[in-house]
Structures are given as structure tokens and as C-alpha cells.
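Let me begin by presenting the structure, written as C-alpha cells, before commenting on it.
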Amino acid sequence: MRRTAFPIVLALLSAVSLPAKADTQLDRFEALSEQVTTVMNEAMILEVPALEGNLPTADWDDEMRGAFTCVLEDYRAAVGDDAINTMLDEMEATLPDMTAEAMMSGEMNERFDLPDGLTEARAAEIVRNCGVMTLYMTRMMDSGAAEILAAQ
């Protein structure tokens with residue numbers, strides 16, 4: 001397995017409307033994603049206190065689901081269902097120890113790997129091609145967080 005940034009790994013995990021197994025993957029990933037985003041927001045506030053109350057919500061919406069459906073389809077083609085389930089298992093095991101401080105220190109990156117068959121470059125390409133980064137940037141602009149960060 002290759003090391004990668006925890007946020008990129010999160011972006012790789014998503015869901016698609018398939019049988020119950022995929023729905024379970026979606027439900028699991030949505031819950032994990034919302035938890036991680038909340039901690040990431042806390043870490044950003046520690047770095048830039050002016051972001052308090054100005055970061056986008058961690059909640060998924062239809063746009064987020066659509067973007068992550070695209071990611072999952074490409075991800076599944078690269079590594080398969082078993083690897084997705086393994087990553088979800090690893091994330092669920094890691095999350096209880098995740099704090100804003102651990103996120104900022106890079107500790108979380110050291111505790112989570114991409115599966116064999118998926119390089120960091122390919123993971124970033126999938127995220128970009130599926131519009132995930134554009135969606136996050138739009139949310140940052142809409143919430144006012146981008147303006148606050150630009151003023152720093």
C-alpha cells in the first residue's frame with residue numbers, strides 16, 4: 001500500500017446506486033466523510049481562528065453524492081469492492097483517535113494507506129476529473145472561508 005494524504009483518501013471513497021452492498025458502502029463513507037470533515041474544519045480553525053463559523057458544512061448533498069459516485073466508479077475500476085471495504089474498515093478503526101491536532105501534525109496521513117493498484121497521482125486525477133475539488137472550492141467560496149484564507 002502507498003501512503004497518501006487522508007483527505008485524498010476520503011475523496012476516493014464514495015458510493016454508487018448499486019445493490020445493498022454499495023448502499024452500505026455509501027452510508028459508511030458518508031458518515032466517515034462527515035466526521036473527518038468536521039475534524040478538518042476544527043484543524044483549520046486552530047490555524048486560522050477567523051474561520052470559526054465560516055467553513056462549509058460537513059453534510060453531504062446531492063452534488064456531493066454525484067461527485068463521489070463518479071469517484072467510486074473510477075476507484076472501483078482500479079481496485080475493486082474488497083479494497084473499498086478494507087479502506088472503510090481502516091477509516092472506522094482510525095477515526096476514534098483522530099483529533100484536529102493529529103490532522104495538523106500529519107499523524108493521520110501516516111496511519112492510512114492507498115491500496116495497491118492506486119497511485120497518489122491517479123487518486124488525485126480521479127478526484128479532479130470527478131469535480132470533487134471544484135465542489136469543495138465552491139463551498140469554500142460560498143461560505144466565505146476562501147476570502148478569509150486569502151486575507152491571511
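Every number in this text was worked out from the coordinates using simple rules, so none of it is lab data. Nothing here was measured: the structure is a model prediction, and the numbers come from that model.
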From the Cα centre of region 29-62 to that of region 109-149, the distance in Å is 14 Å
Counting sequence-distant residues (5 or more places) and residues on other chains, those with an amide H built under 5 Å from that of Asp113 are none
